[in-house]
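Accompanying notes for the structure given below.
The values are calculated or read from the model by the stated rules, or taken from the named source; none is laboratory data. All values reported here derive from a predicted model rather than from experimental measurement. In this analysis, Cβ positions are derived from the backbone assuming ideal geometry, glycine residues included, and neighbour counts consider all displayed protein chains.
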Amino acid sequence: MWKPVFMSTFTHLHPSPAFTFFDPNDPACLEILMDPRTTIPELFAIVRQWVPQVQHKIDVIGNEILKRGCHVNDRDGLTDMTLLHYSCKAGAHGVGDPAAALRLSSQLIALGADVSLRSRWTNMNALHYAAYFDVPELIRVLLKATKPRVLNSTCSDFHYGTALHIAASNLCLGAVKCLLEHGANPVVRNDKGQVPGEVVPDPMDMTLDKAEAAMAAKELMQLLLDAVPLSCNLPRATLLNYDNIPGNLMLTSLGLKLGERVMLDDMKPGTLRFCGTTEFASGQWVGVELDEPEGKNDGSVGGVRYFICPPKLGIFAPVSKISKAVDQALSSVTSTPRTPRMDLASRLTGKAKKEKGKKEKERGKVGDQVLVAGQKYGIVRFYGKTDFAPGYWFGVELDQATGKHDGSVFGVRYFSCLPKYGVFAPPSRVQRIGGPKEGSQNDNTMVKKVHQVTMSQPKRNFNTMRSPKDLTSENSISRLLFCCWFPWMLRAEMQS
């Protein structure tokens, strides 16, 4: 490593260096900098120090490196970076000085510096560094001195994104504007399939102390969205602006209303709580209270409240991300038929679907052995509605201490177990793997009633049971047996 060489060499040149970093403003350090015996590797070691004292003097140090015979495209042996790379890095606002970096970069380009050269350490070229550190002054100079293909060149360290991806992911507003002015392509996708507008950090993930960053992210998203040509292959729905459309009209057009059950991204069930414009982003947004604590807020973002729900259950999403929950659609069809008279097969099929939906929700009874989320084993201790989220929930006592509580949430006790052994899960995440264990403390009357009903019923194989449609399509004897047996089976199941 360079540090021991750096210190021992400088100790030899100056007997008592009392510094923890190199400061060219200090007379002793300046003497070392100008000393012809200070080698090129040692000067590169100085440039690597990421402190304002060094980076503000990048032009002075760079000239000393050139004086000692360093070629304009020679590389630092440790980082594989050229002087132009270091110069673009030194333009970072705060630590660096854009004016000093611009002076050295212009000089290097005039001497024949190759803008397309990459550091094999980071796979970044000079334009990537200027975009990463948000130095639009350098971007303009670099783009004038390079071939057009460099403008949209990709970098493997950023998922093969372009300079526009790099600037967008770092919230570099000035760099993004400059790149777009010079023709950077806003619809190039990285290896994750993302365009630059999709790598901008989500403003909703930012805390209140990052309000400025959230505003910059919002502006960047809109800037990159406006730059997308209308003739590109992006979904046209993402290009429209719904700011002036009332939320109630938007919901009406989708056949939804507040308080209805919805699915977010076809994966996360919840209840629709809000629809309208927000302070954190343009366009129409929906607020959903999730069934599981997989959200990002409690209905408020950036100090503005849009609805109320427990922490981690609230989430905002574009209108296009939600759809009506399937179980709600099924119940509405079976409860309000369009025709006053329906044939027997249609009515039985509707009842079968309703029973199937009911069975899908009830994945187990209190005392049953279950598998939660496909990986955690436990015993059902509670099933019903809760105060912390809408809908029905299973309370499970896990076999291992991988849970979140002892059976109580927000001060309300639903069942009792050891700390970290309790967990709640919606029916869709619970799979029954066995009946109650012998000696289970919750072997209550409800469990016994289930076994009594099961013993009084004929033995059936649910895995191979044919659908009502299959049964009604057989001969007349099968249809007669079906009409006699199926209503009795429904009543027995409903009693259980």
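See the values below:
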read-out	value
Members of region 366-381 found to be surrounded by fewer than 20 Cβ atoms within 10 Å (Cβ to Cβ) and in a strand (DSSP E or B), listed by number	369, 371, 376, 377
Flag for residue 141 being in contact with a Leu (Cβ under 7 Å, 6 or more places away or on another chain), in a loop (DSSP other than H, G, I, E, B), assigned by TED's automatic domain parsing to the domain that holds residue 50 and surrounded by 17 or more Cβ atoms within 10 Å (Cβ to Cβ)	no
3 or more residues in contact (Cβ under 8 Å) with a residue 24 or more places away in the chain: qualifying helices (runs of 4 or more DSSP H) within region 26-82	40-47, 52-55, 58-67
Residues that are assigned to a strand (DSSP E or B) and over 10 Å from residue 324 (Cα atoms), drawn from region 257-269	268
Any hit, region 177-189, residues being of a type in the set (Val, Ile, Thr) and either under 30 Å from residue 300 (Cα atoms) or in contact with a strand residue (DSSP E or B) (Cβ under 7 Å, 6 or more places away or on another chain) (or both)	no
